[in-house]
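Taking it in order: structure first as C-alpha cells, then the write-up.
The values are calculated or read from the model by the stated rules, or taken from the named source; none is laboratory data. Just so it is clear, the model here is predicted, and its values are computed rather than measured. Here the Cβ positions follow ideal geometry from the backbone for every residue, glycine too, while neighbour counts run over all protein chains shown. Note: areas computed on protein heavy atoms with side chains; ligands, DNA, RNA excluded. Shrake-Rupley method; radii C 1.70, N 1.55, O 1.52, S 1.80 Å.
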Amino acid sequence: MARFSWGGIRGKGIKLKSDIGMAVGALFLATLVIILAYLVFERSAVQMYTTRINPIVKKADIVVNQADKVWDSELFTKTPDPLTNEIDPKAMRAEADSWTSILATDAAGIKKIKKSFADQATPPNASTSLQSEITDYLNATDMYVTDANAMVAYFDKLITAEMEMNAAIRAVSYVQGLVNPAALHQRDAVLEEELAFIKKLSPPPGLQIFHEDTVGFLSDYTVVQKQTTAAFETQAGLATLEALGAEGESVIHSARDRLKADVRTFRTGQLGRDSLRARAHKKKTHDEVERLRNKYKF
C-alpha cells in the first residue's frame, strides 16, 4: 500500500503561518508609526496654536483685570452724591474722567483683540474646544467693558450736573442770618435747570432704580430749597427756616441710605453678571490651555 508523506504540506503550512505573522507584525508596526507620526504632528500643531493665541489671552486678561478694579473705585464704593460734605465732588468727577478714558481704551482694545483672534489660522482638532472657549471669553469681556463704560458715562454726566448744583448751593452766603434773595433765586434756578438735565439722562438698565431714586431725592431737595427762598422773602420767621433746614438735611441723609443700597445692587445687576461671566470664561480658558499642555507634555 502506498504511503503519502504530508511533510511537505505541513512544512508549507508552517511557512504560511510565519508569513502571515510577519505581515501582521509589519502592519502593526506601520500602524504604530502612523499613529506616532500623527501624535507628533498633532502635538506640534497644538503647540504652535497655543503659542500663537497665548498673547491674545494675556491681553484679554489685562482688560478683565482692569475692569475689575472699577469695583474698588469711589464711583462704586461711595454714593455719587456731591451734595454731602463727606464726598468731594471734584474728586468724584476726576475719577469718572479717569475711568471714562481707561474703559474707552479697553473697549477699543478688546475689539482689536477679537479681530486678531478671528484672523488666526484654523486650530487643530485637539484645540477646537480651546478656540470655542476663547471666543466666549472675548465676547464676555467685550460685554463687560461695554456695560462698565456705559455706567461710568452715566455717572460722569450725573456728577457734572450735581457739581453745578453743589456750587450753586455753596455760593449762597449768609451774614448774621440774612441773605440776598437774588442769590437764593439764582440757586433755585440752577437746581431746577440741572434737575431737568438729570431727568433726561438715559441710565443703563442696571442703574434705572438708582437713577429714579436720584431724581426723587434731588426733586425733593429742590422743593425744600424753593420753600426756603419763599420763607426768607416773606420773613416767615426763624422757626420756619430752621424747620426747613432740618427737612433739607433729612432729605439728604435718607437719600444717601437709599442710593448706597442701590450702589450695592450693582454687584448683582447686569455689570455684576458681566464680571462673573468674564472671569468664569477666563478661568476655563486657562484650564483648557493647561489641559492641552499636560496632554501633550509641552
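Starting from segment 224-249, keep only residues that are closer than 16 Å to L184 by Cβ and assigned to a helix (DSSP H, G or I), then list their pairs with residues that are of a type in the set (S, T, N, Q) and open to solvent by 40 Å² or more (accessible area, probe 1.4 Å) whose Cβ atoms are within a distance under 8 Å, requiring at least 6 positions of separation or different chains. So the pair list comes out as A231/T240; L244/Q227. So in segment 116-140, with the set limited to residues that are under 21 Å from D274 (Cα atoms) and of a type in the set (D, E, K, R), which one is surrounded by the most Cβ atoms within 10 Å (Cβ to Cβ)? For segment 116-140, the residue satisfying everything is E133. A single member of F266, F197, F217, F210 is among the aromatic types (F, W, Y), within 30 Å of V57 (Cβ to Cβ) and in a helix (DSSP H, G or I), and it is F266. Count of segment 272-298 residues, restricted to those that are in contact (Cβ under 8 Å) with a residue 60 or more places away in the chain and in contact with a Leu (Cβ under 9 Å, 6 or more places away or on another chain), is 7.
Please find, within segment 156-194, the residue that is farthest from G216 (Cα to Cα) out of those that are assigned to a loop (DSSP other than H, G, I, E, B) and of a type outside the set (G, A, S). My answer is Q176. When each of A91, A107 is tested for being open to solvent by less than 50 Å² (accessible area, probe 1.4 Å), aliphatic (A, V, I, L, M) and within 30 Å of H253 (Cα to Cα), the lone residue that passes is A91.
Residues satisfying the criterion are absent from segment 273-291 (criterion: open to solvent by 90 Å² or more (accessible area, probe 1.4 Å) and closer than 24 Å to I198 by Cβ).
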